[in-house]
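What follows draws every value from the coordinates through simple rules; no lab data is involved. What you see is a predicted model, and the numbers here were worked out from it, not measured in a lab. We place every Cβ from the backbone using ideal geometry, glycine too, and count neighbours over all the protein chains shown.
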Amino acid sequence: MSTDAAATNDRGEQLAARVAAALAAAEIPPSKLGAARRARLSDAERALYFWILRRFSTDGCPSNTETRFEAERLGLDPEAVFARLSREDLVHLGADGEITVAYPFSGHTTAHRVRFASGHETYAMCAIDALGIAPMLEQAIAIESRDPLSSEEIHVRLPPEGDGVWQPHSAVVVAGVLERQADSCRGCCPVVNFFATSNNAEHWLEAHPDVRGQTISLPEAIAAGRAVFADVLTAES
């Protein structure tokens, strides 16, 4: 093996180790990575789940009427299937029956706005979720977010594969969780944000003792997003 190849492998192994640590900090288990996220769904449940995710990327959050119609078209009982998707922590409905969460997407406005090449815009639940959309859908995206401490804007342009580009160059992500919260939408999503600098991220963590977390680089966050979402929509083997 050449010296260059060995160095490349070392960097890859180091990145993998840091990404694993970031996922652990956000309490994202192996059962939530890639195809494992929807492995426990039936074929019809999986078809509905895929339909919901793709709708977010083209037309936005589907309405309660649309989701019920699609569930029934697939031979599913709407109440039962959404209870199932909620137990799997994949899709959550609000009290009005409308979708509030369909990781990586949010049914409500968040700090993480995602724009597709078509011009369509939607929102992601957190920074890692936003970064997972490009590999999941195999589409280039642009992300606009805001530092929770300074309100400085962060911009990321991300292709489906490889690293993207971002401004400011000093931007980082906090990976972590709020204590005593179960579902990701309540536990890690409020914590996993972009920050303009590592100093801002550390100051924010110090000001929030109820958060267990750590600062990670943008390449690490991009790799974490890919680990969680890249294979969610892949065809069954």
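Structural remarks
- Restricting the first member to region 12-41 and to residues that are surrounded by 15 or more Cβ atoms within 10 Å (Cβ to Cβ), and the second to residues that are part of a helix (DSSP H, G or I) and among the basic types (Lys, Arg), the beta-carbon pairs closer than 6 Å and six or more apart or on different chains are Arg38/Arg46.
- Subset of region 51-94 (residues that are touching a strand residue (DSSP E or B) at 6+ places or on another chain (Cβ under 9 Å), of a type in the set (Gly, Ala, Ser) and assigned to a helix (DSSP H, G or I)): Ser57, Ser86
- Inter-residue pairs, beta-carbon under 9 Å, first more than 13 Å from Lys32 (Cα to Cα) and in region 87-101, second among the acidic types (Asp, Glu), 6+ apart: His92/Asp183; Val101/Asp89; Val101/Asp183
- Within region 225-237, being more than 18 Å from Ile154 (Cα to Cα) and assigned to a helix (DSSP H, G or I) holds for Arg226, Ala227, Val228, Phe229.
- Enumeration of residues in region 95-118 that are assigned to a loop (DSSP other than H, G, I, E, B) and either crowded, with 17+ Cβ neighbours inside 10 Å or on the phi > 0 side of the Ramachandran plot (or both): Gly97, Tyr103, Pro104, Gly107, Thr110, Ala111
- The sole residue among Ser150, Ser145 that is within 23 Å of Glu202 (Cα to Cα), among the small types (Gly, Ala, Ser) and surrounded by fewer than 16 Cβ atoms within 10 Å (Cβ to Cβ) is Ser150.
- Filtering region 89-111 to residues that are of a type in the set (Asp, Glu) and either touching a Phe, Trp or Tyr at 6+ places or on another chain (Cβ under 8 Å) or within 24 Å of Ile222 (Cα to Cα) (or both) leaves only Asp89.
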